[in-house]
């Protein structure tokens with residue numbers, strides 16, 4: 001561990017709705033901000049489409065930060081309805097392609113989006129940490 005903290009944002013994703021970046025890297029880990037399927041109030045298709053879009057955004061953020069889906073150690077998912085869990089589980093399992101880290105999934109009242117997902121991942125050991 002080198003003590004370097006790096007802040008990362010990936011281009012092309014929904015803009016932050018507050019004063020934060022999409023990921024912070026510190027101590028050999030990447031901590032992502034919650035990713036959403038589209039800008040608040042916008043729909044991208046079915047809920048399954050939104051799960052795939054959100055996980056794709058998460059993958060983009062991890063890649064920009066020097067990590068990846070296969071380096072995730074913990075996922076937190078926030079769904080807006082218990083009726084979404086079966087679709088979420090199915091699409092999540094497909095997207096993660098056998099890599100199944102620890103996970104918490106809760107249903108909460110969200111602000112104009114169907115879901116939000118954040119994670120903690122290990123930095124890719126080959127990634128050089130720049131300041």
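Can we say residue 98 is part of a loop (DSSP other than H, G, I, E, B), on the phi < 0 side of the Ramachandran plot and exposed (fewer than 12 other Cβ atoms within 10 Å of the Cβ)? Break it down into steps so the answer makes sense when it comes.
On the way: part of a loop (DSSP other than H, G, I, E, B): yes; on the phi < 0 side of the Ramachandran plot: no; exposed (fewer than 12 other Cβ atoms within 10 Å of the Cβ): yes.
Criteria not met by residue 98.
Do any residues in the range 46-64 that are more than 16 Å from residue 74 (Cα to Cα) have Cβ atoms under 6 Å from those of residues that are in a helix (DSSP H, G or I) and modelled with pLDDT of 95 or more, where the two are at least six apart or on different chains, and which pairs are they?
Filtered contacts from the range 46-64: 47/84; 47/87; 48/87; 48/91; 51/88; 51/91; 52/91.
The values are calculated or read from the model by the stated rules, or taken from the named source; none is laboratory data. Just so you know, these numbers come straight off a predicted model, no measurement behind them. Backbone-built Cβ (ideal geometry, glycine too); neighbour counts: all protein chains shown.
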